[in-house]
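Asks: Here it is, the structure, as C-alpha cells.
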Amino acid sequence: MFKIDAHNHPDFCGLNFEKHIKNMDEVGINKTCLLSWENPWDENYMSNMAGSPSPLYDNVPIPFKRCLDYYEKAPERFILGYCPDPRHADAIVKMKSAIDTYGVQICGEVKFRMMYDNPDAVDLFRFCGEMGLPVVLHIDNADAHKAHPASYRKHYWYGGDIYTLDRLLELCPETNFLGHAPGFWGCISNDDDWKTIGYPQGPVVRGGLVEQLLEKHSNLYCDCSAGSGCSALSRDTEYTKELMMKFPGRFIYARDEFSNNLSELIDSLGLPEEILEGFYHKNFEALLHEKK
C-alpha cells in the first residue's frame, strides 16, 4: 500500500539524509513530509538540546533550509513543510515566499511557546487557509509538561491546551488543522488526566475532547505521530477502530520518529481497505496545497 509519512524532520534522531531514505525503504514509506521547527533555541526542551544538530544551523532546532536540502536531493520522496515564527512581523511574507519559491505544501511544524489563538498566529493560519495549506499544531499543556530540574523554565508548553485549539478552530473555519502531541492526544479520554499527565495510560473513558472536537469542527484532523499518538491509540484499540470508522477521512498516518509501531498497531485493527487507504495517504493528499 502507498504510504506517506505526514510528519517527520531532517537530521532528526541521529538520521542524516541517507539513513532517512534507508529507513523509509525498510518500513515501506513512499514519501515523507518534512517539517521545519524554527522556534528560539531557549524554547527547546533540555532533553532535545544534547542530541540536536541545531547549534550548527542558526540555533533553531530544525531550519527550513535542511528540509529544502533533502527535498532537492530526492523530490520524488519528500513533501515540503515550513512554518515561520508567527511572532515575527514578516511571518506571512516568509510563508508566501516559501510557497511561491519552493513549493511548500503544508504549514508546520507549529511548535512555539505562545498561545495559538494569539492574533498574530491567527493571521498566519488564516493566510494558510486562503492559500490552501493545512497547519500542523504541536500542543503541550504546561501543567502536564514539567521542565527538567536543571532548566531555567518550570514548564515546556506549546500552544496552550485543547481549549485553545477549540477556539482556534472557530477563529479559522477555512483552515484545516492537524492536532498533534501530548496536549492533543491526552484528550482522547473523557477525564482530566491530560491536565497533569503528558502521556496518560490505562483504559480510555470514551467520548473525550478529541472526539468532541472532531464532531464539532470539520476542519480538525488527527496527526497520529510520535509516542503521544501511538500510545493514545493503543489504550483502547476497539475505541480507536470505532473512531476511525466514524471519522474515516480525519486520521492521518505520521511518525515523527523512525519506528514502524503505528503501522503495526493500525494494521492489527482489521479496518476495511478503504479506511486504510485514507489513513495511509488519501486523507493527507486531500489536504495538501496543490503545487503550481
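The values are calculated or read from the model by the stated rules, or taken from the named source; none is laboratory data. What you see is a predicted model; the values in this text were computed from it and never measured. Note: ideal-geometry Cβ built from the backbone for every residue, glycine included; neighbour counts use all protein chains shown.
Asks: Checking Ile62 against (1) surrounded by 16 or more Cβ atoms within 10 Å (Cβ to Cβ); (2) within 26 Å of Glu285 (Cβ to Cβ); (3) out of contact with any helix residue (DSSP H, G or I) (no Cβ under 6 Å at 6 or more places or on another chain); (4) modelled with pLDDT of 95 or more, which single condition isn't satisfied?
Replies: Single failed check for Ile62: (4).
Asks: Now for a different question. Tell me which residues, restricted to the range 143-163, are outside any loop (DSSP other than H, G, I, E, B) and within 27 Å of Asp123 (Cα to Cα).
Replies: His155, Tyr158, Gly159, Ile162, Tyr163
Asks: Among the candidates Val204, Val135, Val122, single out the residue that is within 26 Å of Asp5 (Cβ to Cβ), under 20 Å from the mean Cα position of the chain (by Cα) and of a type outside the set (Gly, Ala, Ser).
Replies: Within the list Val204, Val135, Val122, the selection yields Val135.
Asks: A further question follows. Of all the residues that make up the range 89-126, how many are surrounded by 18 or more Cβ atoms within 10 Å (Cβ to Cβ), aromatic (Phe, Trp, Tyr) and not in a loop (DSSP other than H, G, I, E, B)?
Replies: Total meeting the criteria: 1.
Asks: Within the range 138-151, take every residue that is free of Cβ contacts under 8 Å to residues at least 60 places away in the same chain and more than 16 Å from the chain's Cα centre (by Cα) and give me the one that is surrounded by the fewest Cβ atoms within 10 Å (Cβ to Cβ).
Replies: Pro149
Asks: Find all pairs meeting these conditions: Cβ atoms under 6 angstrom apart; at least six residues apart or on different chains; first residue within the range 96-125 and touching a residue at least 24 places away in the same chain (Cβ under 8 Å); second residue among the hydroxyl-bearing types (Ser, Thr, Tyr).
Replies: Close Cβ pairs satisfying both conditions: Ala98/Tyr82; Val104/Tyr82; Lys111/Tyr158; Met115/Thr164; Tyr116/Thr164; Asp117/Thr164; Phe125/Thr175.
Asks: Test Asp166 against the criterion of being of a type outside the set (Phe, Trp, Tyr) and either surrounded by 15 or more Cβ atoms within 10 Å (Cβ to Cβ) or assigned to a loop (DSSP other than H, G, I, E, B) (or both), and give yes or no.
Replies: yes
Asks: Identify, from the list Leu213, Leu178, Leu133, the residue that is surrounded by fewer than 24 Cβ atoms within 10 Å (Cβ to Cβ) and touching a strand residue (DSSP E or B) at 6+ places or on another chain (Cβ under 6 Å).
Replies: Leu213
Asks: In addition: Within the set of pairs 6+ apart or on separate chains, which have a first residue in the range 80-95 that is on the phi < 0 side of the Ramachandran plot, a second that is assigned to a loop (DSSP other than H, G, I, E, B) and of a type in the set (Phe, Trp, Tyr), and C-beta atoms under 9 Å apart?
Replies: Every condition considered, the pairs that remain are Cys83/Phe112; Asp85/Phe112; Pro86/Phe112; Pro86/Tyr116; Arg87/Phe112.
Asks: Would you mention how many residues in the range 26-43 are modelled with pLDDT under 90 and over 24 Å from Val104 (Cα atoms)?
Replies: 2
Asks: Identify all residues within the range 70-88 that are in a helix (DSSP H, G or I) and either surrounded by 14 or more Cβ atoms within 10 Å (Cβ to Cβ) or at pLDDT below 95 (or both); write none if there are none.
Replies: Tyr70, Tyr71
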